[in-house]
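Below is one structure, written out as structure tokens; comments come after it.
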Amino acid sequence: MKHYIIAKFKDKEDTERLFPEVRQLFCDAEVIPGVEKVLVHKSNSDRDNSDI
């Protein structure tokens with residue numbers, strides 16, 4: 001079963017700086033028993049998602 005998690009950044013200008021830390025946080029979850037694999041994909045959309 002796949003689950004999708006969306007990390008929303010407060011400041012759109014900070015995404016490049018913060019992305020590596022967020023990626024590492026989720027990748028570290030692979031050590032949790034029952035977690036098979038973690039894939040982190042960066043969005044290719046520049047749409048304002050302030051309504052989410």
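Evaluate the following for I6: is it on the phi < 0 side of the Ramachandran plot and in contact (Cβ under 8 Å) with a residue 24 or more places away in the chain?
In short, yes.
Output the number of residues of the range 1-33 satisfying the condition of being closer than 18 Å to R47 by Cα and out of contact with any helix residue (DSSP H, G or I) (no Cβ under 6 Å at 6 or more places or on another chain).
Final tally of qualifying residues: 11.
Report yes if V38 is at pLDDT 90 or above and in contact with an Asp or Glu (Cβ under 7 Å, 6 or more places away or on another chain), otherwise no.
In short, yes.
Do you know which of the residues in the range 1-34 that are surrounded by 10 or more Cβ atoms within 10 Å (Cβ to Cβ) and of a type in the set (V, I, T) is modelled with the highest pLDDT?
V22
If you take the residues of the range 19-46 that are outside any helix (DSSP H, G or I) and hydrophobic (A, V, I, L, M, F, W, C), which of them is nearest to the chain's Cα centre (by Cα)?
The qualifying residue nearest to the chain's Cα centre (by Cα) is V40.
The values are calculated or read from the model by the stated rules, or taken from the named source; none is laboratory data. Because the structure is predicted, anything quoted here is derived from the model rather than measured. Don't worry about glycine lacking a Cβ; one is built from the backbone with ideal geometry, like all the others, and counts go over all protein chains shown.
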